[in-house]
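Student: I have a structure I would like to understand better, so I am pasting it below and will then ask my questions one at a time.
The values are calculated or read from the model by the stated rules, or taken from the named source; none is laboratory data. Note that the structure is predicted; figures quoted are calculated from it, not measured. Glycine gets a Cβ as well: all are built from the backbone with ideal geometry, and neighbour counts include every protein chain shown. Side chains are part of the model used for accessible areas, which takes the heavy atoms of the whole protein and leaves out ligands, DNA and RNA. Shrake-Rupley method; radii C 1.70, N 1.55, O 1.52, S 1.80 Å.
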Amino acid sequence: MDNGLVHEESAFINLRRYLPDPKEYGHRWVDIKQLRFAAESVNDRGLLAALIDHEQFQDDYAGGGVLSEGLRHGPYWLRLITPDLYEPISQGKVVQILREWVDPLWDLPAGLEADLQREVFARLASADGIYYLSKLGDEAIHDWGRVHDYFHEFVLIDRSAGRITLIVAADD
């Protein structure tokens, strides 16, 4: 489906990679998908709708990857996600959520800090619009959606660069 978005690149940060004992920390990771849009694209809600309709959004984030006929998005039924569920959020609040999610008592290893800075925080700094997927409620959780203890989803819109970035910080 041509919805005006073109997938450019993806990045994956596995937090286990940064720990001396990976069993201490579980299975937390950050997935980043960057897509390009035309400069004359519609408003932010229209871009969010295009993202939801894009094949890259059809990811269960539980090892299945992107499925062109996918029914799930993270812990939720894909069909229940709409642009109206995304709430504007400040850059500072995103940083706070992510740092608390990583662990407020854990000093970040330099490598993880550098990777988060490059892949997440630098993109946050250049975004014109930042959105957070609100909790959808129990009725929206799919049949095995509770494999995630945490699921944070942010969408960054950078109009000057013509990019929309989907960031998911979760566990499995």
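Student: So how exposed is Ile97, as accessible area in Å² (1.4 Å probe, rounded to 10)?
Tutor: 20 Å²
Student: Shifting gears a bit: How large is the convex hull of the Cα atoms of region 98-153 per residue, expressed in Å³ as a whole number? Spell out each step's value before the answer.
Tutor: Values: hull volume 6.5 nm³, N = 56.
Value for region 98-153: 116 Å³ per residue.
Student: Using amide H atoms built 1.01 Å from N in the peptide plane, name the residues 5+ places from Asp172, or on other chains, whose amide H lies under 5 Å from its own.
Tutor: It is His27, by chain and number.
Student: What do you reckon, how do Phe121, Phe12 stack up by accessible area (1.4 Å probe), largest on top?
Tutor: Working: Phe121 20, Phe12 120 Å².
These residues rank, largest area first, as Phe12, Phe121.
Student: Need one value: the accessible area of Tyr61 in square angstrom, 1.4 angstrom probe, rounded to the nearest 10.
Tutor: Approximately 10 Å² of Tyr61 is accessible to the 1.4 Å probe.
Student: With all protein chains present, calculate the accessible area of Arg123 using a 1.4 Å probe and round the result to the nearest 10 Å².
Tutor: Solvent-accessible area, nearest 10 Å²: 40 Å².
Student: Show the residues, 5+ positions off or on another chain, whose built amide H is closer than 5 Å to the amide H of Ala62.
Tutor: Answer set, sorted by chain and number: none.
Student: For Arg163, enumerate residues with amide H under 5 Å from its amide H, sequence gap 5+ or separate chain, H modeled in the peptide plane.
Tutor: The answer is Phe37, Asp158.
Student: Which residue, Lys93, Lys33, Lys135, tops the fluctuation ranking in a GNM of the chain built on C-alpha contacts under 10 Å?
Tutor: Sorting by GNM fluctuation, first place goes to Lys93.
Student: I would also like to ask the following. Using heavy-atom solvent-accessible surface (probe 1.4 Å) with all chains present, what is the largest-first order of Val95, Val42?
Tutor: Largest accessible area first, the list is Val42, Val95.
Student: Please give the net charge around Gly111, taking every other residue with its beta carbon less than 14 angstrom from that of Gly111, where Lys and Arg add +1 and Asp and Glu add -1.
Tutor: Numbers: positive: Arg16, Arg17, Arg118; negative: Asp107, Glu113, Asp115, Glu119.
That sum, taken over residues with Cβ under 14 Å, equals -1.
Student: While we're here: Rank these by accessible area, largest first, 1.4 Å probe: Leu67, Leu35. Don't skip to the answer; put the middle values down first.
Tutor: Values: Leu67 80, Leu35 0 Å².
From most accessible down to least: Leu67, Leu35.
Student: What's the Kirkwood radius of the chain in Å, using all Cα pairs?
Tutor: Numbers: mean 1/r = 0.0606 Å⁻¹.
Hydrodynamic radius (Kirkwood, Cα pairs) of the chain is 16.5 Å.
Student: Can I ask one more? Rounded to the nearest 500 deg cm²/dmol, what is the calculated helix-only ellipticity per residue at 222 nm for the chain, with -39500 (n - 2.57) per DSSP H run of length n ≥ 4?
Tutor: Working: 4 runs with 34 residues, N = 172.
Counting only the DSSP helices, I get -5500 deg cm²/dmol.
Student: Would you mind finding the longest exposed-site-free stretch of the chain, with exposed GluC sites (Glu not before Pro) meaning DSSP loop and at most 11 other Cβ atoms within 10 Å? List each step's numbers first, then the result.
Tutor: Numbers: sites that count: Glu40, Glu69.
For GluC sites (Glu not before Pro) (loop position, at most 11 other Cβ atoms within 10 Å), the longest site-free span of the chain is 70-172.
Student: Hey, another quick one. Counting Lys and Arg as +1 and Asp and Glu as -1, what is the net charge of the other residues whose Cβ lies under 11 Å from the Cβ of Gly70? Numbers along the way, then the final one.
Tutor: Details: positive: Arg72, Arg79; negative: Glu55, Asp59, Asp60, Glu69.
Net charge around Gly70: -2.
Student: For region 88-103, just list the computed ³J(HN,Hα) in residue order, Karplus coefficients 6.51, -1.76 and 1.60, θ = phi - 60°, integers in Hz, with x standing in for Gly and Pro.
Tutor: Each residue of region 88-103 in turn: x, 9, 7, 4, x, 5, 4, 4, 4, 4, 5, 5, 5, 5, 4, 2 Hz.
Student: What is region 49-172's relative contact order, in percent, from Cα pairs under 8 angstrom and six or more apart in sequence?
Tutor: Relative CO of region 49-172 lands at 24 percent.
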